[in-house]
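Below is one structure, written out as structure tokens, with a few remarks after it.
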Amino acid sequence: AGTSAIVTQYRALIEDTGGRLTTLAHLAASHLSASDLDSLDQRATIDSQAYQRVHSELRQMIEAANQMPAEQIAREIQVKGKAAGRELKAVYAYTLSIQKDQLIYGADAFTPQDQANFEAPGTIVDDPAQMANVQKLYSGLPQLASEPYTDRFGTWITGYAPVLDSQGHVAGVVCIDASITFIHNQLIQLGLRLLLYTSLLMLLSAVLASFLARKITHPITQLSQQAVLIGAGDFTAQIELSTGDEIEDLATSFNLMAGQLQTYVADLQRTTMEKE
């Protein structure tokens, strides 16, 4: 049950994060021009007006999501690395497009001076998982949140949203990355707490079981000892129990039987002597 609860919570956190990322991607995509994305091919430069317009929208989006300037976001990523995902709701924002069966990087929210995940426009992205996800949007999927994946920078989820031209054709895809390393850390802590609580519960159960066992077996042991004494002819043996249950009733019966046997033996001895 505990493991099931952890898995359920993990899936809920993943789905919530994916939903927020696709919302951000849709918001950014709604402000981008399909013609601008079409121009971001291997001949594009960061100085072109089309690149600057796309870059500006992505930069504004990631700043609004995190409530801090992009330069500060870049510093957080550079200084804290994987740990930056604890403070940042969205870490990277960029566009991808498929051109001649190749996945092409478009624009992103950072500049070369930010020293973050900046890639030059027109860079070929050799990532089969990214290509598969982007192809789904080119095939008509309205939105997509990736499954968690891990690279040397951490563990991530990416939200995707298409940018459509006037004919409804996909000109490119907006991608928003968020780190979920902190989610994994939370789940690890939850698992450790669950293990601790389970261990304590097992220990408490063992102590309680031992106490109950002693409470039940000790009176029975006393009854057994009294039966041995009676069987050996010691009818004066008495047992004092205050368990308040059937065992106490049985002890009372034993005591009564011992007294009756003692009286019977005394009467028998007296009768025998009289006869003699």
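The values are calculated or read from the model by the stated rules, or taken from the named source; none is laboratory data. These figures come from a predicted structure and were not determined experimentally. Please note: Cβ atoms are built from the backbone with ideal geometry, for glycine as well, and neighbour counts cover all protein chains shown. With ligands, DNA and RNA removed, areas are computed over all heavy atoms of the protein, side chains included. Shrake-Rupley method; radii C 1.70, N 1.55, O 1.52, S 1.80 Å.
Per-peptide packing, taken as the mean over residues of other Cβ atoms within 10 Å, places 66-75, 213-222 in the sequence 66-75, 213-222 from highest down.
How much accessible area per residue does the chain have, in Å², with a 1.4 Å probe?
With all protein chains present, the chain gives 59 Å² per residue.
Taking the charge dipole of the stretch 67-182 about its Cα centre, with +1 at Lys and Arg Cβ atoms and -1 at Asp and Glu Cβ atoms, the residue from MET68, GLY122, SER139 reaching farthest to the positive side is MET68. The trypsin sites (Lys or Arg not before Pro) of the stretch 8-71 that meet both conditions, a loop assignment by DSSP and at most 15 other Cβ atoms within 10 Å of the site Cβ, are ARG43.
Normalised by the number of residues in the chain, the mean separation of alpha-carbon contacts (under 8 Å, six or more apart) gives a relative contact order of 19 percent.
Considering the stretch 49-142, its Cα convex hull presents a mean projected area of 6.8 nm². Using 0.36 nm per residue and subtracting the Cα-Cα separation, the extra length available between THR217 and ASP101 on full extension is 33.9 nm. Obtain the radius of gyration and the Kirkwood radius of the chain from its C-alpha atoms and give Rg over Rh. With Rh from the inverse mean 1/r over Cα pairs, Rg/Rh is 1.60.
Applying a length cut-off of 20 Å (Cα extent along the axis) and a mean Kyte-Doolittle floor of -1.0 to the DSSP H helices of the chain leaves 2-29, 49-66, 181-231, 246-275.
Listed by chain and number, the lysines whose C-alpha is less than 24 Å from the C-alpha of LYS89, apart from same-chain residues fewer than 8 away, are LYS80.
Rounded to the nearest 500, the helix-only mean residue ellipticity at 222 nm of the chain stands at -19500 deg cm²/dmol, with each DSSP H run of n ≥ 4 adding -39,500 (n - 2.57). When you count the other C-beta atoms within 10 angstrom of each residue and take the mean per peptide, 88-100, 160-172 line up highest first as 88-100, 160-172. Coordinate range of the alpha-carbon atoms in the stretch 1-157 per principal axis, descending: 56, 37, 28 Å. Shown for the chain: the carbon plus sulfur share of the solvent-accessible area, taken with all protein chains present and a 1.4 angstrom probe, equals 57%.
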